[in-house]
1. List the residues, sorted by chain then number, that are 5 or more residues from Val84 or on another chain and whose placed amide H is less than 5 Å from its amide H.
2. For the chain, take the longest principal axis of its alpha carbons; what is the angle in degrees between that and the long axis of helix 91-103, to the nearest 10 within 0 to 90?
3. Students often get this wrong: which residues of the range 38-54 have the backbone nitrogen under 16 Å from the point 7 angstrom along Cα-to-C-beta of Lys103?
4. Nearest 20 debye, what's the magnitude of the dipole of the chain about its Cα centre given +1 on Lys and Arg Cβ and -1 on Asp and Glu Cβ?
5. Under a Cβ-Cβ cut-off of 12 Å, what is the net charge of the residues other than Ser231 that fall near it, where Lys and Arg count +1 and Asp and Glu count -1?
6. I want to verify the translational diffusion coefficient of the range 171-360 in µm²/s; compute it with Stokes-Einstein, Rh as the Kirkwood radius over Cα pairs, at 10 °C and 1.306 mPa s.
7. Counting other Cβ atoms within 10 Å, keep those with at most 14, restrict to DSSP loop, and tell me which trypsin sites (Lys or Arg not before Pro) in the range 9-63 are left.
8. In percent, how large is the relative contact order of the chain, given Cα pairs closer than 8 Å and 6 or more residues apart?
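Read the figures in this text as sums done on the coordinates, not as results from a lab. Only a predicted model underlies this, so the values are computations on that prediction, with no experimental measurement involved. Positions of Cβ are generated from backbone atoms using ideal geometry, with glycine treated the same way; all protein chains shown enter the neighbour counts.
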Amino acid sequence: MSFFLDEIETDLWAYLNGAGKPVVLYGMGDGAEKISAALEQHDLKFTDIMASDNFVRGQSFLGCKVKTLSEIENLYGDDFIILVCFGSQLEGVMEHIYSIAEKHELYAPNVPVIGDGVFDLAYAKANRNDLEKVYKMLADEQSKAVFQSVIRYKLSGDIKYLRECETPAEEKFDLLGIGTEEIVVDLGAYDGDTLVEFLNGTSLQFKKLYAMEPDSKNYRKLKRRLYMIGSALLEAYNVGAWDEDTTITFNMRAGRSSTASGGTHRGAQYRDIKMMKTDTMLQGQPATYIKIDVEGSEENALRGAVNTITNFKPKLNVAVYHRNEDMFKLPLLINEMNKRYKFYLRHHPYIPDWDTNLYCV
């Protein structure tokens, strides 16, 4: 039986080139800038920008006056294409996007959170062998269905593929077999939200918690949020997870999206941040569960935990959506480190595919 990629004949960018319809960006900010750049790379241009009614307020963005959907409809009737340029996991926002998609032609282009280029058909074919290896490695039919659907989404921008494969985030506890004696390592701990989720899922039963968070504001929030745990049971470090113990320059953007930038950037948004290997933090002690969501530095974080992964085979929860290559490169790397893992892939409710995770047990 042929690999499912053989069934796909085109991608979103080729389709837009042949559609001959006005292209309307839905949303402002980084997402709109990235999608505008991707359009230019494929010899395409957008025609207008729209936003939800309460966000318009006479704003302009990328040289265009931002319009409401009703204004776009008055201009083009039904003959236009909407490209969603933001992400959300809020049920109300997602349902609103799906409701627009029922009335108009709508896509959510897949552009990488970190890195350049797009996951188009040429990219998929160039990496076909690795994609096929990972597909064959997946441990259950749901994982294979998710893999297919997410790849189809990446190529088409069609959000129906995300909706058809999504499962509740709480499923990870059953997939990973999370128990009450876990030694948890949270890499990219943000403000402690995923540790709180873990504690709620185990009724506050655990053996020890470790956390790394490079953003100082988030780190302080984490410490305040988990103050009741005590330093004997919670070791929290204001550092980033990396493949060596060093200092690098970070782009300290708001919220979850602070990223390692490298180089010698300077300015208010750039700071030198200490980085640490998980192996250094643990000093040869075991971990039973490692969560890795580090805004595009997942490969570095994994390499910095190679001894722990090789020697102790902890359960792994790894984000595989930040970079184009994450869907195949990260599973193959983990398999090199420890061939005893079973791999499960799940997509939890989010538009675009920003909550697609690899669970290894």
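1. Sorted by chain and number, the residues that satisfy this are Tyr26, Tyr107, Ala108.
2. Helix 91-103 sits roughly 30 degrees off the main axis of the chain.
3. 50-54
4. Numbers: 41 positive and 53 negative charges, 244 e Å.
In total the dipole reaches around 1180 debye.
5. Details: positive: Lys208, Lys223; negative: Glu235.
Neighbourhood net charge equals +1.
6. Working: Rh = 16.7 Å.
Estimated diffusion coefficient is 95 µm²/s.
7. Answer by residue number: Lys45, Arg57.
8. 17
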